[in-house]
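Below is one structure; the comments refer to it alone.
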Amino acid sequence: MIAMRLPDHKTKIVATIGPATSSRNMIKKLIENGVSVVRLNFSHGSFEEHAKVIEKVRDISQKLDRRVAILADLPGLKIRVGEIKGGYVELKRGEKVVLTTRDVVGDETTIPVEYKDFPRLVSKGDVIYLSDGYIVLRVEEVRGQDVEAVVVSGGKLFSRKGINIPKAYLPVEAVTPRDMEIIKFAIEQGVDAIGLSFVGSVYDVLKVKSFLEKNDAEDVFVISKIERPDAVRNFDEILKASDGIMIARGDLGVEMPIERLPILQKELIRKANTEGKPVITATQMLVSMTAEKVPTRAEVTDVANAILDGTDAVMLSEETAIGKFPIDAVKMMAKIAKVTEEYRESFGMSRLRELVEDGTRGTIKEAIARSIIDALCTLNIKYILTPTRTGRTARLISRFKPKQWIFGFSTNERVCNNLMFSYGVYAFCLEEGFDERDIIRLIKGLGLVESDDIVLMTEGKPIEKTMGTNSIKIFQIA
Ligand SMILES: Nc1ncnc2c1ncn2[C@@H]1O[C@H](COP(=O)(O)OP(=O)(O)O)[C@@H](O)[C@H]1O
Ligand SMILES: C=C(OP(=O)(O)O)C(=O)O
Ligand SMILES: [K+]
Ligand SMILES: [Mg+2]
């Protein structure tokens with residue numbers, strides 16, 4: 001019998017699908033090389049294109065017997081440039097350029113902007129950032145639908161790239177009517193998670209949560225993207241209301257002083273870990289691999305440091321969406337993760353005390369999680385088995401980043417898929433009414449355990465008022 005092969009790394013890899021990876025063959029390769037979450041960026045592509053990708057991902061994941069979650073990332077209230085003739089223009093320092101809300105195709109002198117109120121957001125002297133701050137303009141004059149600007153820092157500007165005006169106050173809710181349409185479509189398509197762009201307050205999250213509930217889709221994850229100062233300010237509330245968070249460093253690095261990113265990343269990851277909610281570190285992780293086969297030293301170190309910070313997942317954007325080496329980028333992340341995780345073990349346990357102390361101290365689940373870590377330190381345990389209705393128990397154990405895989409067992413396919421966001425968790429779907437014997441039969445059948453292996457299982461025995469996980473069992477496989 002060929003045993004099921006789990007990845008060599010426990011950090012989850014999120015890959016954005018785009019023209020470079022939307023074929024069946026590329027999707028297959030992404031998954032085979034360690035991608036657990038597929039991200040569809042609804043700022044680009046049509047519903048039809050995304051639907052096709054969703055269908056392919058589901059089919060391939062089933063054929064490969066590899067669980068994959070699908071994340072639909074919403075556009076939010078981001079202002080973008082429109083279509084540019086030939087796909088891009090080269091903007092040169094010192095030259096003048098007009099940003100306009102008129103319906104034109106872009107060229108060297110005129111760039112269309114897809115937001116009719118744009119000219120009202122800026123005035124003479126304001127700085128405008130394009131393409132995550134890669135290109136910088138300064139406003140010279142606003143005239144009707146046109147904003148005349150001078151290029152302060154030039155570069156290639158591609159169609160549909162983002163515009164940031166950090167100074168401008170956008171008097172609109174983060175979740176736009178267009179976002180709501182996309183959420184509806186995403187639910188119909190059975191996606192597992194929604195990425196909420198430009199969340200500003202907990203109300204943005206609650207709005208989407210209540211919409212999901214009304215549409216019988218309350219198990220769809222809401223991942224709040226932290227990419228503006230308001231989200232940082234209101235982070236604690238946003239985190240509590242969300243199922244997970246993404247540190248969206250692309251916009252965040254323009255909307256806030258870029259030098260604050262590293263410390264902010266550490267703080268947000270720590271808080272998400274404490275809450276037991278998955279956190280994705282995103283953007284530019286291996287960005288030079290969009291064009292080159294080898295990443296920079298700084299990029300490799302960035303991926304490793306995010307893992308050491310405690311991120312559950314690392315994300316690839318243009319690297320896999322439009323890059324020349326998408327599979328190499330995934331392989332590179334998997335290698336960095338494997339090596340870095342091996343090192344972490346030696347100090348991972350010191351984080352434990354800290355987490356337990358500032359975490360959900362005093363709950364039964366917490367005491368159980370603590371006992372599990374104690375057992376892991378003293379026994380040669382092969383796997384942690386956690387039957388789970390909501391996935392919560394598996395996520396609470398995942399916080400401690402044990403060296404063993406945590407297997408989640410649930411009857412809900414979407415709960416299983418959403419466990420693929422959490423570090424070191426792999427999930428299996430079982431029939432309603434499954435018991436301990438079904439779990440053992442399943443992992444034996446997959447060749448994951450042999451006789452005499454020691455496993456640890458969490459249990460939720462209904463005793464008095466204590467619901468949910470309330471005991472652990474450690475035993476040897478017969
Ligand atoms: N579905 C898609 N179709 C075409 N291009 C895409 C798609 N998804 C992503 N891309 C390309 O990859 C780039 C980086 O991806 P991402 O960071 O998700 O986008 P952005 O920063 O534009 O929101 C995008 O700017 C776009 O050029
Ligand atoms: C992930 C991000 O969002 P998007 O790519 O949708 O702009 C980001 O800004 O880093
Ligand atoms: K987006
Ligand atoms: Mg963004």
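The values are calculated or read from the model by the stated rules, or taken from the named source; none is laboratory data. Because the structure is a prediction, the values reported are computed rather than measured. Positions of Cβ are generated from backbone atoms using ideal geometry, with glycine treated the same way; all protein chains shown enter the neighbour counts.
Entry remark, the stretch 227-265: residues being buried (at least 19 other Cβ atoms within 10 Å of the Cβ), part of a helix (DSSP H, G or I) and either aromatic (Phe, Trp, Tyr) or in contact (Cβ under 8 Å) with a residue 40 or more places away in the chain (or both) number 7 in total. Counting only strands (runs of 3 or more DSSP E) that sit wholly inside the stretch 382-478, those with at least 3 residues that are aliphatic (A, V, I, L, M) are 454-459.
When residue 360 is tested against (1) among the β-branched types (Val, Ile, Thr); (2) at pLDDT 95 or above; (3) outside the structural domain of residue 263 (by the TED database), just one condition goes unmet, and that condition is (2). Between 237, 213, 255, the distinction of being within 16 Å of ligand 4 (Cβ to nearest atom) and either in contact with a His (Cβ under 7 Å, 6 or more places away or on another chain) or not aliphatic (A, V, I, L, M) (or both) belongs to 255 only.
One line per residue, one yes/no per condition, for (1) within 16 Å of ligand 1 (Cβ to nearest atom); (2) surrounded by fewer than 18 Cβ atoms within 10 Å (Cβ to Cβ); (3) of a type in the set (Lys, Arg):
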| position | (1), (2), (3) |
| --- | --- |
| 71 | yes, no, no |
| 83 | yes, yes, no |
| 114 | yes, yes, no |
| 117 | no, yes, no |
| 123 | no, yes, no |
| 136 | no, no, no |
| 153 | no, yes, no |
| 173 | no, yes, no |
| 178 | yes, yes, yes |
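Within the stretch 62-93, the residues that satisfy the criterion of being more than 16 Å from ligand 4 (Cβ to nearest atom) and closer than 30 Å to residue 32 by Cβ are 62, 63, 64, 65, 66, 67, 68, 69, 70. Candidates in the stretch 58-84 are the residues that are within 23 Å of residue 152 (Cα to Cα) and in contact with a strand residue (DSSP E or B) (Cβ under 6 Å, 6 or more places away or on another chain); of these, the one that is farthest from ligand 3 (Cβ to nearest atom) is 84. Just one of the listed residues (384, 397, 373) is free of Cβ contacts under 8 Å to residues at least 40 places away in the same chain and either within 21 Å of residue 279 (Cβ to Cβ) or not assigned by the TED database to the domain that holds residue 440 (or both), and it is 373. Of all the listed residues (52, 85), the sole one being within 26 Å of residue 165 (Cβ to Cβ), more than 16 Å from ligand 2 (Cβ to nearest atom) and free of Cβ contacts under 8 Å to residues at least 40 places away in the same chain is 85.
Condition first: more than 20 Å from the chain's Cα centre (by Cα) and buried (at least 17 other Cβ atoms within 10 Å of the Cβ). Now tell me which residues in the stretch 371-392 satisfy that. Across the stretch 371-392, the qualifying residues are 372, 373, 376, 381, 382, 383, 384, 385, 386, 387, 388.
Residue 273 meets the conditions (1) in contact with a Leu (Cβ under 8 Å, 6 or more places away or on another chain); (2) part of a helix (DSSP H, G or I); (3) within 15 Å of ligand 4 (Cβ to nearest atom) in every case but one. The failed one is (3). Residues in the stretch 292-328 that are free of Cβ contacts under 8 Å to residues at least 60 places away in the same chain and hydrophobic (A, V, I, L, M, F, W, C): 294, 298, 300, 303, 304, 306, 308, 325. Of the candidates 123, 153, 201, 224, the single residue that is under 30 Å from residue 416 (Cα atoms), away from ligand 3 (no atom under 16 Å from the Cβ) and of a type in the set (Gly, Ala, Ser) is 201. The set of residues in the stretch 113-127 being closer than 12 Å to residue 163 by Cβ and either in contact with a Cys (Cβ under 7 Å, 6 or more places away or on another chain) or not in a loop (DSSP other than H, G, I, E, B) (or both) consists of 113, 118, 121, 127.
Of all the numbered requirements in (1) within 16 Å of ligand 3 (Cβ to nearest atom); (2) out of contact with any strand residue (DSSP E or B) (no Cβ under 9 Å at 6 or more places or on another chain); (3) closer than 30 Å to residue 61 by Cα, residue 213 misses one, and that requirement is (1).
Which members of the stretch 317-333 meet the condition of being crowded, with 19+ Cβ neighbours inside 10 Å and either in a helix (DSSP H, G or I) or more than 16 Å from ligand 2 (Cβ to nearest atom) (or both)? If you could, list the steps in order and put the result at the bottom.
The initial filter retains those residues of the stretch 317-333 that are crowded, with 19+ Cβ neighbours inside 10 Å, namely 317-321, 323, 325-326, 329-330, 332-333.
Within the stretch 317-333, 318, 319, 320, 321, 325, 326, 329, 330, 332, 333 qualify.
Contact map, the stretch 175-199: residues that are in contact (Cβ under 8 Å) with a residue 60 or more places away in the chain paired with residues that are in a strand (DSSP E or B) and of a type in the set (Asp, Glu), Cβ distance under 7 Å, separation 6+ or inter-chain. Pairs shown: 195/73; 197/73.
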